[in-house]
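The values are calculated or read from the model by the stated rules, or taken from the named source; none is laboratory data. Keep in mind that what you see is a predicted model, and the values were worked out from it rather than measured. We place every Cβ from the backbone using ideal geometry, glycine too, and count neighbours over all the protein chains shown. To get the accessible areas, we keep the full protein, side chains included, count just its heavy atoms, and leave off ligands, DNA and RNA. Shrake-Rupley method; radii C 1.70, N 1.55, O 1.52, S 1.80 Å.
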Amino acid sequence: MKINNREKSARAFERACNVIPGGVDSPVRALKAVGTTPVFADHAGDACIYDIDDNRLIDFCMSWGVFILGHNQRDVTSAAVAAVEKGSSFGMCTEAESELAEMVRAAFPSMEKLRFVNSGTEATMSAIRVARGYTGRDILVKFEGCYHGHADHLLVAAGSGAASLSNASSAGVPDGFTKYTVVLPYNDSAALEKYFAENGDRVAALIVEPVACNMGVVPPKPGFLEAARRVTREHGAVLIFDEVITGFRLSYGGAQQRFGITPDMTTVGKIVGGGFPAAAFGGRKDIMDMLAPVGPVYQAGTLSGNPVAMAAGIATLKHLREPGIYDELERRSNDFCARLEEIIAGKGIYLNHCGTMFTLFFNDKNPENFADTKRSDQKRFARYFNNMLQRGVYVSPSQFEGNFISLCHTPEILDYVLKCIEESI
């Protein structure tokens, strides 16, 4: 399936560059890391996005994991349209907020109370503030290559788009904003235990992607998450699982259900809004009751709990809690990845996957941390991306991102994509 030229997208990009920095509202969309210009989407349905040049692209980015049911899923779209017709925002409470919160709590029992916000960045930023308010401490521990949004104190050794731009931090962030952020290597239990043995009583929180998704997909090594849980409990620090991507994707209860580890706080996003801007942070009741108007930690947002996003989230989670959904997703993903392993064998490519998330690393070893992933051949990845695009398959446009298999990816689509990969690597 060859695609048409992208002349309309090229003109649209020129226009955007005149009014938007770099022509994009999020850096990875520029496709700079893969040596081409952005795709401008027009509409989408099921597994495909259709661009303004009338190209049909099989999508494996799925809005960075959001569309686990597929693009423009009928019941989700209908719920959102019905909500819009009643009013798109009120700046007041709605019952939909409580309904979706109850559904999230049922899926994540560790989130005894939760609050909705508009983005994953807002969720992680707020969770850290609450953890600091609860503990009365300042130090935040994170891991190299884990991206938790673009709040100033989190742009230290970050992955995702920052890694693609060969800039793991950011200009415009004063040193004082990051002096309480400590960065440790991901998957290194020994380094984690050593730091906490020496400094644990000063740590407010440890935040971690339980499966790293922003240095490419890098699963936790056996014992790593257990070590994180143990040292935080021993030293009275708050363990925060950033499940903005893994929540409702690795299982209905996210990575914490899959690995059997209970954090003190959790952030979820992406899927929870059903394709609309929504995220949430929550955790133990005693921690969450630090929030105003109950407690002294302030956080607010005019569009938090937006009724359209709540309606879409409710419709999405109703589908996901149906029996057998995750079993089918796991079966398709395992079959796809097993066949993909055969295709890449002996070609200097490694496959990392967990559940429905996967990354092909053009690397001489299987990455276990950010230092490993940074050694990947980004030029080779760029050729692979563009070869796939020419065949009508849109994979996530960075060596440092994950790809996502969803219910809309039928066996026939997955067969075709495997054929394209074989031709493109």
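So here's what we get for this one:
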quantity: Pairs from LYS194/LYS347; LYS142/LYS347; LYS270/LYS374; LYS347/LYS374; LYS221/LYS318 whose Cα-Cα separation, in the structure shown, is over 29 Å; calculated: LYS194/LYS347; LYS142/LYS347; LYS221/LYS318
quantity: Calculated [θ] (222 nm, deg cm²/dmol) that DSSP helices of n ≥ 4 give over the chain, each run adding -39,500 (n - 2.57); calculated: -11500 deg cm²/dmol
quantity: Kirkwood Rh in Å, taken over all unlike Cα pairs in the range 239-296; calculated: 12.0
quantity: Fraction of antiparallel bridges per DSSP, the range 205-276 only, in percent to nearest 5; calculated: 10
quantity: Antiparallel %, DSSP beta bridges [both residues in the chain], to 5; calculated: 55
quantity: Percentage relative contact order, the chain, counting C-alpha pairs under 8 Å, at least six apart; calculated: 23
quantity: Surface accessible to a 1.4 Å probe, THR77 within the full protein complex, Å²; calculated: 50
quantity: Spacing of the two label points (7 Å from each Cα toward its C-beta) at SER88 and ASP335, in nm; calculated: 4.1
quantity: Within a Gaussian network of the chain (alpha carbon springs, distance under 10 Å), most fluctuating of ILE314, ILE128, ILE325; calculated: ILE325
quantity: Candidate residues MET310, MET125, MET290: accessible-area rank, largest first, probe 1.4 Å; calculated: MET125, MET290, MET310
quantity: Packing rank of 12-20, 55-63, where each peptide gets the mean count of other beta carbons within 10 Å, highest leading; calculated: 55-63, 12-20
quantity: Separation between Cα centres of the range 393-425 and the range 71-108, rounded to whole Å; calculated: 30
quantity: Candidates ALA127, ALA82, ALA309: whichever shows maximal mean-square fluctuation once the chain is modelled as a Gaussian network with Cα springs under 10 Å; calculated: ALA82
quantity: C-alpha center-to-center spacing [the range 220-247, the range 286-321] in angstrom; calculated: 23
quantity: Paramagnetic reach from SER78 (point 7 Å along Cα→Cβ, amide N under 14 Å) across the range 11-49; calculated: none
quantity: Cα shape, the range 192-311, gyration tensor, a/c 1.5 rule; calculated: oblate
quantity: Kirkwood-based Rg to Rh ratio, the range 271-347, C-alpha trace; calculated: 1.22
quantity: Max mean-square fluctuation residue, GNM over the chain, Cα-Cα springs under 10 Å, options ILE240, ILE413, ILE287; calculated: ILE413
quantity: q = 0.09 Å⁻¹, the chain: log10 I(q)/I(0) [Debye, one scatterer per Cα]; calculated: -0.54
quantity: Fully extended contour minus Cα-Cα distance, from ARG105 to ASP415, at 0.36 nm per residue; calculated: 107.9 nm
quantity: All aspartates and glutamates inside 20 Å of LYS419 as judged from Cα atoms, apart from same-chain residues fewer than 8 positions distant; calculated: ASP59, ASP335, GLU341, GLU342
quantity: Length gained when the stretch ILE20-LEU303 is fully extended (0.36 nm per residue, less Cα-Cα span); calculated: 99.5 nm
quantity: Alpha-carbon centroids, the range 5-35 and the range 124-139: separation in whole Å; calculated: 37
quantity: Under Karplus coefficients 6.51, -1.76 and 1.60, residue-wise ³J(HN,Hα) of the range 400-411 in Hz, glycine/proline x; calculated: 9, 10, x, 10, 9, 8, 10, 5, 6, 7, 6, x
quantity: Shape call, the range 102-245: gyration tensor on alpha carbons, a/c limit 1.5; calculated: rounded
quantity: Cα→Cβ-extended label distance, 7 Å offset, between ALA197 and ILE325, nm; calculated: 4.5
